[in-house]
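Presented below is the structure to which this report refers.
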Amino acid sequence: MLTMIGKRLMFAIPSLIGVVIVTFLLTRALPGDPAAYFAGPAATKEAVEQIRKKLGLDKPLIEQFFRYTNDLAHGDFGNSLTTGQPVAAEIRNRLPASAELTLLGLIVSVVIAIPLGVLAATRPGSWVDHLCRVTTTAGVSLPVFFTGLVLVYVFYFRLGWSPAPLGRLDVFYSAPPTVTGFYLIDTLIARDLEAFRSALSQLILPATTLAIFSLAPIARMTRASMLAVLSSEFVRTARASGLSPATVIVTYAFRNAMLPVITTLSMVFSFLLGANVLVEKVFAWPGIGSYAVEALISSDFAPVQGFVLTMAVMYVLLNLVIDILYGVIDPRVRLEG
């Protein structure tokens, strides 16, 4: 297992280097001039050139790249032009908000999608199977931002059941002392149940939006994988041996059907990291997705590069976790590694 993990980490290094190079080149190719934006619309050409020189944008592209990689090697992502704060500090402060939203949305979708897929596979042609098909079709068809806007319109504007989609906490509550950065956990640690309820109510709609988006592929893959396993010979042998249906489904079929589902979970999690950007803008969520969008609009290179690099590192770590889970579920993966 350790050898397999080491190999995966070695293969990840070229990927991260490629991400750094491509992100740097793409940000430089974007339209807009950071110096002109920072100087303001009333600035003269001399003032813009002075700011460009101060930012180092007058240097050759290769020199800018080597300076950027040297800063990265020292853990410096640069400073944001719009906020004036170090990008690493901004990402460190905003990442827990995005992670909390993404993980809660993924947990909700897994809790619903996997049992739904298993029930649909064990009862083909039933109303559960038709419900699974309708749900997966709707989840794939609806854009994530449209789903979020509909939920806000129905549950906040029309029914008034949900609080205003304006961040992680209601304006009447203060943020808990930072321990994990996850408000649901930090409020429980601080024993502030009112703030916990406020944080949970603010999370319900955006997490539901992400859950609807991610539920479809998980339920569909669970159903297809379970159908394939249930028709295999070892499942028929287990049934012929007199084992109970629950034992056959849970012990024999479900575990063997988990590998494709786990692969789908890793893909869905990466999709959610991208969908987070839209959901955070709809719900005014102070995560790194909205931070990157605002920086992109203002041609602020450093936050965009820091955001992409952070997402790449998270994706590499996620794939590593998936590989470890493969080895835990199926010993043959460890032997092949």
The stretch 251-292 - accessible surface per residue (Å², probe 1.4 Å): 34
Solvent-free Debye scattering, log10 I(q)/I(0), computed from the Cα coordinates of the stretch 1-123 at q = 0.09, 0.15, 0.21 Å⁻¹: -0.49, -0.96, -1.29
Gyration tensor (alpha-carbon) shape descriptor, the stretch 196-262, a/c threshold 1.5: prolate
Computed over the stretch 84-191: relative contact order in percent, which uses C-alpha pairs under 8 Å that are six or more apart: 22
Global geometry of the stretch 240-288, whether rounded, prolate or oblate, following the gyration tensor of its Cα atoms and the 1.5 cut on a/c: prolate
Neighbourhood net charge (14 Å Cβ-Cβ; Lys/Arg +1, Asp/Glu -1) for residue 169: -3
Of the DSSP H helices in the chain, those whose Cα atoms cover at least 24 Å axially and whose Kyte score averages 0.5 or more: 2-29, 87-122, 193-230, 258-282, 301-329
Computed over the stretch 235-337, Kirkwood Rh from alpha-carbon pairs, angstrom: 16.8
Cα shape, the stretch 89-159, gyration tensor, a/c 1.5 rule: oblate
Residues whose placed amide H lies under 5 Å from that of residue 79, excluding near-sequence neighbours: 87
Radius 15 Å from Cβ of residue 90, net charge of other residues (Lys, Arg +1; Asp, Glu -1): -2
If the convex hull is drawn through the Cα atoms of the chain, its volume per residue in Å³: 184
Distance cut-off 19 Å, percentage of C-alpha pairs in the stretch 167-219 lying past it: 34
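The values are calculated or read from the model by the stated rules, or taken from the named source; none is laboratory data. Bear in mind that the values here come from a model prediction, so they are computed numbers and not experimental data. Cβ atoms come from the backbone with ideal geometry, glycine included; neighbour counts cover every protein chain shown. Ligands, DNA and RNA are excluded from the accessible area calculation, which covers all protein heavy atoms including side chains. Shrake-Rupley method; radii C 1.70, N 1.55, O 1.52, S 1.80 Å.
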